[in-house]
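Trainee: This is the structure I have questions about; it appears just below.
The values are calculated or read from the model by the stated rules, or taken from the named source; none is laboratory data. What you are looking at is a predicted structure, and each value in this text was computed from that prediction instead of being measured. Cβ placement follows ideal geometry from the backbone for every residue including glycine, while neighbour counts extend to all protein chains displayed. Calculation scope for accessible area: heavy atoms of the full protein, side chains included, ligands and nucleic acids excluded. Shrake-Rupley method; radii C 1.70, N 1.55, O 1.52, S 1.80 Å.
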Amino acid sequence: MKKLYLTVLAAGMTTVSFCQKTFILSHQDKKGFFAVSAGASLPVGHFGSCSPIDNQASMAGRGLSINVAAGYRIIGRVGLMIKGEQHRNALQTDALLTTVYRNENDVWTVKADNWSVTTIMGGPYVSIPLGRFAIDARLLAGRAQAVLPNTAIAGNIGPVDMSVQTTGSTSTATALGGGISVRYRLGRSFSLNLNGDYTQALCQFNNLTSKAKTTNGQSESSYYSSDRPISIVSASAGISVLFGNHHRPF
């Protein structure tokens, strides 16, 4: 009986010790993170505008964003981070037809590639712990690469068949951004994160052409350029791997 009591007592003390260790480790401050997230890409401003009187309207629709980020706190709650993000946004093809004069009986179709915007940015961030939660705020700068989609419109105006094709282009520009993440600590080395980010860039697309064909012949424009402001708000969720503390940097 005495041996059984000692065995139960030892098992209980081991369990308590293990729980205490798990609790301490799950609350231990981590200085670095590596995060992967995915979510919605929401064009704003000229980038999402479909106004026919807006010369810089890009007609981008809602899409998908994927991002990876890594950061490490250097002084107190302040650290440096790097972030790569890609946005894929469909072109709002219905908006293209508003620029075409047509009768009710005319039939037109539209084909278009997707907008693609890729950014790589870095900068400082501040992490504020709130128990199992933490709030990270960041300001970033870097480079953006945007791909202007090809478009093709075809239809008829009365008895005359017509098609208009425009070529796309690729542009790189300086990108600025910022955002906030809310993290919830799951355990020793993992956390869930919710992110909200804003990214902007001013891209110039060169060597663009437009080609029009009708049953009576065809014409092609000379090369031209177009400035397009890129403004995107993204909302995403993902998981972070936490590493490093005051005693072990990795």
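Trainee: The conditions are (1) in contact (Cβ under 8 Å) with a residue 60 or more places away in the chain; (2) open to solvent by less than 20 Å² (accessible area, probe 1.4 Å); (3) polar (S, T, N, Q), and Ser171 fails exactly one of them. Which is it?
Mentor: (1)
Trainee: Read through the list (1) assigned to a strand (DSSP E or B); (2) in contact (Cβ under 8 Å) with a residue 40 or more places away in the chain; (3) open to solvent by 50 Å² or more (accessible area, probe 1.4 Å), then give the number of the only condition that Phe205 fails.
Mentor: Of (1) assigned to a strand (DSSP E or B); (2) in contact (Cβ under 8 Å) with a residue 40 or more places away in the chain; (3) open to solvent by 50 Å² or more (accessible area, probe 1.4 Å), only one is false for Phe205: (3).
Trainee: List, please: which pairs have Cβ atoms under 7 Å, are six or more places apart or on different chains, and start with a residue in segment 215-244 that is more than 27 Å from Ser49 (Cβ to Cβ) and touching a residue at least 12 places away in the same chain (Cβ under 8 Å) and end with one that is among the charged types (D, E, K, R) and surrounded by 14 or more Cβ atoms within 10 Å (Cβ to Cβ)?
Mentor: Ser240/Arg183; Leu242/Lys30; Phe243/Lys30; Gly244/Lys30; Gly244/Lys31
Trainee: Within the set of pairs 6 or more residues apart or between chains, which connect a residue that is closer than 23 Å to Ser226 by Cβ inside segment 139-156 to a residue that is open to solvent by less than 20 Å² (accessible area, probe 1.4 Å) and assigned to a loop (DSSP other than H, G, I, E, B) with Cβ atoms less than 9 Å apart?
Mentor: Leu148/Ser58
Trainee: Is there any pair with a first residue in segment 21-50 that is more than 26 Å from Met81 (Cα to Cα) and a second that is at pLDDT 80 or above and charged (D, E, K, R) whose Cβ atoms are under 8 Å apart and which are 6 or more apart or on different chains, and what are they?
Mentor: Thr22/Arg188; His46/Asp54; His46/Arg228; Phe47/Arg228
Matching residues to (1) surrounded by 14 or more Cβ atoms within 10 Å (Cβ to Cβ); (2) at pLDDT below 95; (3) within 32 Å of the chain's Cα centre (by Cα):
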| site | (1), (2), (3) |
| --- | --- |
| Ala10 | no, yes, no |
| Phe18 | no, yes, no |
| Lys30 | yes, yes, yes |
| Phe34 | yes, no, yes |
| Leu42 | yes, no, yes |
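Trainee: Restricting attention to segment 208-231, report how many residues are crowded, with 16+ Cβ neighbours inside 10 Å and at positive phi.
Mentor: The qualifying residues number 0.
Trainee: Additional query: Name, by its number, the condition in (1) within 26 Å of Phe34 (Cα to Cα); (2) surrounded by fewer than 14 Cβ atoms within 10 Å (Cβ to Cβ); (3) at pLDDT below 95; (4) of a type in the set (A, V, I, L, M) that does not hold for Ala137.
Mentor: So the condition that Ala137 fails would be (3).
Trainee: Looking at (1) part of a strand (DSSP E or B); (2) open to solvent by 30 Å² or more (accessible area, probe 1.4 Å), which is the only condition Arg188 fails?
Mentor: (1)
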